[in-house]
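First the structure, in the form of structure tokens, and then the observations on it.
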């Protein structure tokens with residue numbers, strides 16, 4: 001008699017080992033293990049990469065359209081207008097090429113305005129940086145009324161430029177201004193024509209108002225940067241016997257470097273594009289003593305109806321600001337994006 005288990009006989013020429021099981025799982029190769037991304041009809045379905053790109057395009061498209069409509073398109077139109085002699089109405093028919101740019105660059109008022117902008121850039125950094133850093137270091141310590149002091153410092157920056165400009169315009173008047181009255185109490189006298197009416201004093205007054213207005217931004221940014229300095233470093237410096245000045249010079253200021261460079265970049269770009277405060281205080285006067293590049297192009301466009309000249313001046317302003325920004329990013333802020341650890345060369 002034969003067993004039922006022996007009914008499964010192997011084909012001729014094959015040997016069956018008694019130690020192996022008669023039923024084994026089939027071996028699946030790599031080709032059969034790959035998942036297929038096909039759907040009904042034989043077409044491939046949308047993969048995760050395409051779905052992610054579609055989501056990014058959906059969320060970025062509105063902002064990109066706004067950027068193209070409100071930034072890129074005005075720049076293109078300004079370049080177009082700058083190539084024509086145009087009074088603001090009618091078609092663009094009087095093509096002059098680059099003559100408007102030559103007229104702007106040869107205009108003494110515009111070159112003086114460029115110098116005024118550069119003066120404001122330098123003075124803003126040289127005055128606001130040490131003052132803001134000193135106030136930030138003071139307010140970073142435990143003081144009575146610390147929150148009130150921070151609010152007082154930051155309130156001028158929150159005020160609208162129009163309100164601040166009108167207030168300071170009234171304060172600097174020679175007849176009823178408070179500034180001249182305070183100077184008279186201590187035995188000093190202001191300029192006979194007022195601070196804003198004297199050519200060699202108007203720029204000083206504008207820089208003083210700008211310092212009062214934008215010093216709060218520097219203080220707030222520096223305070224935020226000071227919060228990121230580890231307390232362990234201060235404790236270690238105290239254990240090593242370092243003085244307060246040595247601690248600030250060796251620890252605080254180097255670690256505050258990225259914040260200072262960011263603030264300086266914002267201050268530089270804002271000073272190059274300065275308009276509202278100067279326009280409210282002096283409108284570029286007296287005798288063009290406080291004219292900036294923006295006040296120049298506004299005056300040429302709105303008062304003299306030279307929209308071609310104004311457009312050329314706006315393009316030059318854009319190029320100057322872009323050049324400053326790129327150079328600053330390249331030589332100053334580049335250190336904040338570099339890897340602090342130098343990469344080792346790979347050996348073959």
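Do any helices (runs of 4 or more DSSP H) entirely within the stretch 1-111 hold 2 or more residues that are surrounded by fewer than 10 Cβ atoms within 10 Å (Cβ to Cβ) and modelled with pLDDT under 50, and if so, which?
Qualifying helices (runs of 4 or more DSSP H): 30-33.
So which residues in the stretch 317-329 are surrounded by fewer than 20 Cβ atoms within 10 Å (Cβ to Cβ) and closer than 27 Å to residue 209 by Cβ, if there are any at all?
Correct list: 318, 320, 321, 324, 325, 328.
This table checks each residue for (1) over 23 Å from residue 156 (Cα atoms); (2) in contact (Cβ under 8 Å) with a residue 40 or more places away in the chain; (3) under 33 Å from the mean Cα position of the chain (by Cα).
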residue: 185; (1), (2), (3): yes, no, no
residue: 200; (1), (2), (3): yes, yes, yes
residue: 203; (1), (2), (3): no, yes, yes
residue: 209; (1), (2), (3): no, yes, yes
residue: 223; (1), (2), (3): no, yes, yes
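State all residues of the stretch 298-308 that are under 19 Å from residue 282 (Cβ atoms) and in contact with a helix residue (DSSP H, G or I) (Cβ under 7 Å, 6 or more places away or on another chain); if no residue qualifies, say none.
300, 301
Residues to consider are 287, 242; find the one that is touching a helix residue (DSSP H, G or I) at 6+ places or on another chain (Cβ under 8 Å), within 25 Å of residue 137 (Cα to Cα), part of a loop (DSSP other than H, G, I, E, B) and modelled with pLDDT under 95.
242
Considering each of 223, 266 in turn, give the residue that is surrounded by 15 or more Cβ atoms within 10 Å (Cβ to Cβ), farther than 30 Å from residue 87 by Cα and modelled with pLDDT under 95.
223
Inside the stretch 269-284, can you point out the residues that are surrounded by fewer than 17 Cβ atoms within 10 Å (Cβ to Cβ) and assigned to a helix (DSSP H, G or I)?
269, 270, 276
Is it true that some residue in the stretch 228-243 is surrounded by 11 or more Cβ atoms within 10 Å (Cβ to Cβ), closer than 14 Å to residue 133 by Cβ and in contact (Cβ under 8 Å) with a residue 40 or more places away in the chain?
Scanning the stretch 228-243, I find no residue that is surrounded by 11 or more Cβ atoms within 10 Å (Cβ to Cβ), closer than 14 Å to residue 133 by Cβ and in contact (Cβ under 8 Å) with a residue 40 or more places away in the chain, so the answer is no.
Can you find, within the stretch 309-348, the residue that is nearest to residue 293 (Cα to Cα) among those that are modelled with pLDDT under 90, part of a helix (DSSP H, G or I) and in contact with a helix residue (DSSP H, G or I) (Cβ under 7 Å, 6 or more places away or on another chain)?
Step by step, filter the stretch 309-348, then rank; the result is 333.
What do you reckon, is residue 190 assigned to a loop (DSSP other than H, G, I, E, B) and either within 30 Å of residue 260 (Cβ to Cβ) or touching a residue at least 24 places away in the same chain (Cβ under 8 Å) (or both)?
Against the criterion (assigned to a loop (DSSP other than H, G, I, E, B) and either within 30 Å of residue 260 (Cβ to Cβ) or touching a residue at least 24 places away in the same chain (Cβ under 8 Å) (or both)), residue 190 does not qualify.
Restricting attention to the stretch 138-160, and to residues there that are under 24 Å from the mean Cα position of the chain (by Cα) and surrounded by 15 or more Cβ atoms within 10 Å (Cβ to Cβ), which single residue is modelled with the lowest pLDDT?
Among those residues, the one meeting the criterion is 150.
The values are calculated or read from the model by the stated rules, or taken from the named source; none is laboratory data. None of these values were measured; they are calculated from a predicted model. Heads up, the Cβs are rebuilt from the backbone with ideal geometry, glycines too, and the neighbour counts pull from every protein chain shown.
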